[in-house]
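Scroll down for the structure; my scribbles are underneath it.
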Amino acid sequence: MWIRSTMAYRTSFVLTAATNFVTTGLDFVTILLMFSRVDVLGGWPLPEVAFLYGMSCVAFGLADLVTGSMERLGQRVRDGTLDTLLVRPAPVLAQVAADRFALRRLGRVMQGALVLGYALTAVDIAWTPLKALLLPVALVSGAGIFCAVFVAGAAFQFVAQDASEVQNAFTYGGTTLLQYPPTVFGRELVRGVTFVLPLAFVNWVPAAYLLGRPLPLELPGWVAFMPPLVSGACLALAGLAWRAGLRSYRSTGS
């Protein structure tokens, strides 16, 4: 329904998608400005940082396209309109995710894909069949990890009711963090996004393996192939959090 509504005004869709493309591209412009003054950032040259950026942007863009609307759940909890979704013969999670589905978010995916394409032509990767398979698997797994963060953040809003900005700190803030090499951050922060909120498995870990660099925190090489497992575990935990939050929901009565 929302896609049909969007495509009814094609010029508006093209303009908003282009705006989204340009706006998200400003993050990469910031990186380019940094490299106009330095040759490497944390020991990583521009093509390798672009590789990190592209992986993070594509993974997050896919997750934002599918589940980005869940940040509006707090408003529905506050005004009681979530009751409308509860009486429909469809999963509430799917309805919340599809609420005001914004096809314009494809602009972020396209922009990240372009940067990733540039990086793939500029970096020197000793490709093997295993590495060629790891890249798309890592992108899909990274999207799954971000989807789990969106769902967990939405579940938290059942309790907090007005925590969309807290959720954004881990979603939009998380993808911004991953656009830079782990070597520019403190070791404790890297541990946190590896073992507590495993965002490092979106790109830091698989990208280091693909580029022939040491993995963060000196992890063994086989850890680079764990993003699908990490993504599955995150989605399972987020699903449990969602069910617990939905069970705790109490209507406003209005």
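Rule-based calculations on the coordinates, nothing more; no lab input. Since this is a predicted model, take the numbers as computed values, not measurements. A quick note on method: Cβ atoms are made from the backbone with ideal geometry, for glycine too, and the neighbour counts reach across all protein chains shown.
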query: Can you work out ³J(HN,Hα) from phi for every residue in region 168-180, in order, using Karplus 6.51 cos²θ - 1.76 cosθ + 1.60 and θ = phi - 60°, giving whole Hz and x for Gly and Pro?
result: 4, 4, 9, 8, 5, x, x, 5, 5, 4, 6, 6, 10
message: Spelling out what I want: for every residue of region 5-19, take phi, set θ = phi - 60°, compute 6.51 cos²θ - 1.76 cosθ + 1.60 (Karplus), and round to whole Hz; glycine and proline get x.
response: 4, 5, 6, 5, 10, 5, 5, 4, 4, 4, 5, 5, 5, 5, 4
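So if each residue of separation counts as 0.36 nm, and I subtract the Cα-Cα distance between Arg100 and Leu237, what length gain in nm does that give?
Details: separation 137, 0.36 × 137 = 49.32 nm, distance 2.55 nm.
That works out to 46.8 nm of additional length.
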- line: Exposure-ranked with fewest Cβ neighbours within 10 Å first, Ser36, Ser251, Ser56, Ser231 stand as Ser36, Ser251, Ser231, Ser56
message: Give me P(r) over region 196-238, computed from all C-alpha to C-alpha distances, binned every 5 Å, as integer percentages.
response: 5, 24, 34, 19, 11, 5, 1
Loop trypsin sites (Lys or Arg not before Pro), region 208-254 (other Cβ atoms within 10 Å of the site Cβ: 10 or fewer; DSSP): Arg250
- request: Could you pull the Cα extents of the chain along its three principal axes, largest to smallest, in whole Å?
  value: 59, 43, 35
